[in-house]
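Trainee: Okay, handing you the structure first.
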Amino acid sequence: MVCLSLWGGIHQALAQDGDEFNPPNPAEPAAIDYCRLIVSADPAEGAYVSGGGKYLVNGNTVYVSTSARNTPDYTYTFQYWTLNGEITSYSQNFWFTPQKGRYELVAHYEKAEVIFDPDSPEEPSSSGVKRKYYLYLNPSIDEACSFNISSGSKYEEKSNIYVKVYLNAGYQFDGWKLNGTIVSTSTGFYLTMPSANSTLEACITEVPFDPESPMDPSGSGSGVDVSGRQIVDLVIGNADNVVDKTRVVFNEEKTLGYDTGSDAAKFISTDAAYQIYSLDSEGTMYSINQRPVYNGKVPLGIIVKNAGEVTISVNRMERSVSIYDKLLDVSQDLSVNGYTFNATVGTIDDRFVLMTMSPFLRGDVNGDGVVDALDASLILQYVAHKFGDENPDFNKSAADANNSGEVDALDASLVLQHAAKKIDLNDIDKTE
């Protein structure tokens, strides 16, 4: 990069092209830290667990889950999680941030003896209420996963039940078998409850686990490839805890729509206090969304079940981003703080926008992929205070064409010179 003096002129800097380049010696590679996470249940026969494995200590989080494994003789009720012997959570599902070392998470359950005949469903009442039957969930490989519902629960015949599997690291999901017949290949699907006690098997195979490959934030372990991309993990919650998470991956090889094998649709919970997701132009809701930078704007949606103060923040950010609130006309740099607002109950799909803040193309202030006179005009309007930093069509970092830390008329002049091919903005480091 060439350092320009404000008063020295551009021609003086261009004359330095033949200068010898002597880069410094590269730094020693940093040591790679790993976390070994052991996840189990107590009693072991009473529950399924997931989230265990070996992980890089890189700020990413792991989805830890457990579900009861009821039998005809006993039921198991979740109590709490302990981490290395200390109580750490009373929620069956939560996000764990790997730290260097070995950690043991144990899901504790209360065991109770029950008396019932699983082959005798409840008789319908005179009012014609549907019968209930037992649904048992089993993995083809024991200790490979957990589920979103308890095994051995009763459901009305012909009712629709959402079933989802959460895999431990090192396993691959192949499909669901209902009483021996394949019924779905998705990690989550709606099952129509048969008019009989039934067993739903999660077909799983063991695969080599690469801790360098980030986990699917939905916790499914579905192997969504996000390596080598710019990842932004958004979380939503309140002062008590993080409730939900979504991932946006900036990847120029993908499209703005759904890409099979790269994107994951959002599962909408019926009881989560808050949920967050990204959206495309068709209104598809994503848990994982790989997409090109395009104009640097990613529409977000949230679902609020509990009104009150809510915070959107990041727990992984490989590209600088801010969140823009169109309703209040304010933006927040998420690398500094999360964005807190008062939410009312409902679905909000047209209020929040995730915006890239880094100058993906210097001088391209409106994010249309071209540096031209329109960008220079926007800079001049900004300098004249016709709009402020909150304008979603104005990338302040890109507008600072000479990287001086300020946006002024000189930046507009440099953008015009770049558009006329008189200079290259990428040759400019800063003005003095």
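Trainee: Determine whether GLY219 is within 23 Å of GLY261 (Cα to Cα) and modelled with pLDDT under 90.
Mentor: Yes, satisfied.
Trainee: Still on this structure: If I filter segment 49-72 down to residues being open to solvent by 30 Å² or more (accessible area, probe 1.4 Å) and β-branched (Val, Ile, Thr), which single residue comes out as farthest from MET317 (Cα to Cα)?
Mentor: THR71
Trainee: Follow-up question, since we're still on this one. One residue is enough: does segment 254-263 have a residue meeting the conditions free of Cβ contacts under 8 Å to residues at least 12 places away in the same chain, within 20 Å of PHE189 (Cα to Cα) and open to solvent by 50 Å² or more (accessible area, probe 1.4 Å)?
Mentor: yes
Trainee: How many residues does segment 103-124 hold that are over 19 Å from MET193 (Cα atoms) and at pLDDT below 90?
Mentor: 4
Trainee: Check ALA376, ALA412, ALA398 and return the single one that is part of a helix (DSSP H, G or I), at pLDDT below 90 and of a type outside the set (D, E, K, R).
Mentor: ALA398
Trainee: Select from segment 418-432 the residues that are crowded, with 17+ Cβ neighbours inside 10 Å and over 22 Å from GLY296 (Cα atoms) and write down the one among them that is modelled with the lowest pLDDT.
Mentor: Result: THR431.
Trainee: Please work out if LYS305 is touching a residue at least 60 places away in the same chain (Cβ under 8 Å), open to solvent by 60 Å² or more (accessible area, probe 1.4 Å) and more than 16 Å from the chain's Cα centre (by Cα).
Mentor: Here the answer is no, as LYS305 does not meet what is asked.
Trainee: Do we find that THR75 is surrounded by 14 or more Cβ atoms within 10 Å (Cβ to Cβ), in contact with a Lys or Arg (Cβ under 9 Å, 6 or more places away or on another chain) and at pLDDT 80 or above in this structure?
Mentor: Here the answer is yes, as THR75 does meet what is asked.
Trainee: Tell me, please, whether a residue that is closer than 30 Å to PHE147 by Cα, β-branched (Val, Ile, Thr), touching a residue at least 40 places away in the same chain (Cβ under 8 Å) and open to solvent by less than 10 Å² (accessible area, probe 1.4 Å) can be found in segment 320-334.
Mentor: Taking every residue of segment 320-334 in turn, none turns out to be closer than 30 Å to PHE147 by Cα, β-branched (Val, Ile, Thr), touching a residue at least 40 places away in the same chain (Cβ under 8 Å) and open to solvent by less than 10 Å² (accessible area, probe 1.4 Å).
The values are calculated or read from the model by the stated rules, or taken from the named source; none is laboratory data. These numbers were taken from a predicted model, which means no experiment stands behind them. Backbone-built Cβ (ideal geometry, glycine too); neighbour counts: all protein chains shown. Just the protein is used for accessible areas: all its heavy atoms, side chains included, with ligands, DNA and RNA removed. Shrake-Rupley method; radii C 1.70, N 1.55, O 1.52, S 1.80 Å.
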